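Worksheet: the structure to be examined is printed underneath.
The values are calculated or read from the model by the stated rules, or taken from the named source; none is laboratory data. These figures come from a predicted structure and were not determined experimentally. Cβ placement follows ideal geometry from the backbone for every residue including glycine, while neighbour counts extend to all protein chains displayed. Side chains included, ligands, DNA and RNA excluded: accessible areas come from the protein's heavy atoms. Shrake-Rupley method; radii C 1.70, N 1.55, O 1.52, S 1.80 Å.
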Amino acid sequence: MKLKKIFLTSLVLGLGTLTLAACSSKSGSTAKQDIVVATDSDTAPFTFTGKDNKQTGYDIEVMKAVFKGSKKYNVKFETTEFESILPGIDSDRYQIAANDFNYNADRAKKYLFSDPISLSNYAIVTKSGTKYDKLEQLSGKSTEALAGSNYAQTLEDWNKANPDKDPIKVNYVSGQTGFTSRLQDLDQGKIDFIFYDQISSSYASKDQGFDFTVSQLQDKIGSEKDGKEYILFAKTDQGKELQAFVNKRVKELQKDGTLAKLSKKYFGGDYVSDLKS
């Protein structure tokens, strides 16, 4: 009898252990993977800090829509300086970069790009009464730009290609210097123009109450990728998985009209329906 009791007790304990192990395994298999999206929250209308200090903007809301209902991923957003976004991707502190990123060859060597999520145009912002719509008109003029941005690179490339012309004077600013500060410098006459994208320039000028002229660049520069906005990932297995997941969802959101709805809300027009990879 005593041996029977010992056997039954051992059996119950063994079954309990197996049950706990099974529950633990099941729990582990269904746990969502945290994905951190990095943004500077200072590139309106793509990303900015809205009411109640919450991050919002086109890029943020697209990312929320992409991951909505995901059984595998739990998306989070973190604000950092612009210059820290890609180094954060390198170190795996962040898994996604969403901050009005454009394509360039140097970035493509290090990072994976999503399918485009919006299409804007290069634009030159000037004080009312002055209009520039070609790069050659900027010869000898001054501006401010973020180091490493496509806009700065375009101006640098023009200077290199035109050594006989007065160079465009590019004063580099840090990620802590928001676009609004550059608009203020333009308004105060500290710089002659700002070279940026048409969506952001038009939005910010109107939002801040500046009387500026925003002229679409007439020069044909770059490739068919120019003007398109992308989400960036690390060149890792996880990055490839995220790229595939995001691309699939972006196609669905474009097809069901979600992207167009967000574009009209944040950009004031449809900058997405005609997008192609």
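Have a look at the DSSP beta bridges in the chain and tell me what percent are antiparallel, nearest 5.
Antiparallel: roughly 60 percent of the beta bridges in the chain.
Gain in length, Asp211 to Glu136, computed as 0.36 nm per residue apart minus the alpha-carbon separation, to one decimal in nm?
In short, 24.6 nm is gained.
Run the numbers on the chain and let me know its relative contact order in percent, using alpha-carbon pairs under 8 Å that are six or more apart. Working shown, then result.
Details: 448 pairs, mean separation 70.6, N = 277.
Across the chain, relative contact order equals 25 percent.
Taking the highest mean first, how do the peptides 242-254, 150-162, 113-125 order by number of other beta carbon atoms within 10 angstrom per residue?
Top to bottom by mean Cβ count within 10 Å: 113-125, 242-254, 150-162.
Can you give me the accessible area per residue for the chain, using a 1.4 Å probe, in Å²?
54 Å²
Roughly what % of DSSP beta bridges within the range 121-277 run antiparallel, to the nearest 5?
Values: 9 of 14 bridges.
The antiparallel proportion sits near 65 percent.
Quick check for you: which residues of the range 240-272 have the amide N under 12 Å from the point 7 Å beyond the Cα of Lys68 toward its beta carbon?
Within reach of a label on Lys68, which here means backbone N under 12 Å from a point 7 Å along Cα→Cβ, the range 240-272 contributes 253-254, 256-262.
Over 19 Å between C-alpha atoms is what I'm after, so list which of Lys228/Lys251; Lys134/Lys265; Lys228/Lys264; Lys51/Lys265 land there.
Lys134/Lys265
Could you work out, for the range 69-127, what percent of all Cα-Cα pairs fall into each 10 Å distance bin, beginning at 0 Å and stopping at the bin that holds the largest distance?
15, 44, 31, 8, 1
Using 0.36 nm per residue, how much length does the chain from Asp274 to Lys32 gain when fully extended, once their Cα-Cα distance is taken away?
The span from Asp274 to Lys32 would gain 83.7 nm if fully extended.
In the range 90-162, carbon and sulfur make up what percent of the accessible area (probe 1.4 Å)?
Roughly 43 percent of what the probe reaches on the range 90-162 is carbon or sulfur.
Run the reach check for Lys248 against aspartates and glutamates, Cα to Cα strictly under 20 Å, same-chain hits fewer than 8 apart removed. What comes back?
Hits, sequence-local ones excluded: Asp34, Asp59, Glu61, Asp100, Asp115, Glu229, Asp237, Asp256, Asp274.
Grab every C-alpha pair in the chain, bin the distances at 5 angstrom width from 0 up to the longest one, and report whole percents.
Calculated P(r), rounded to whole percents: 1, 5, 11, 15, 16, 14, 10, 7, 5, 3, 2, 2, 2, 2, 1, 1, 1, 1, 0, 0, 0.
Please compute the Cα-Cα pair-distance distribution of the range 232-277 with 5 Å bins starting at 0, giving whole percents from short to long.
Distribution as computed: 5, 22, 23, 18, 16, 12, 5, 0 percent.
Ignoring solvent entirely, what values of log10 I(q)/I(0) come out of the Debye formula for the range 122-216 at 0.10, 0.18, 0.20, 0.21 Å⁻¹ when each Cα is a single scatterer?
-0.23, -0.75, -0.94, -1.04
Give me the Kirkwood hydrodynamic radius of the range 182-277 in Å, from all C-alpha pairs, to one decimal place?
On the way: mean 1/r = 0.0620 Å⁻¹.
One decimal place: 16.1 Å for the Kirkwood radius.
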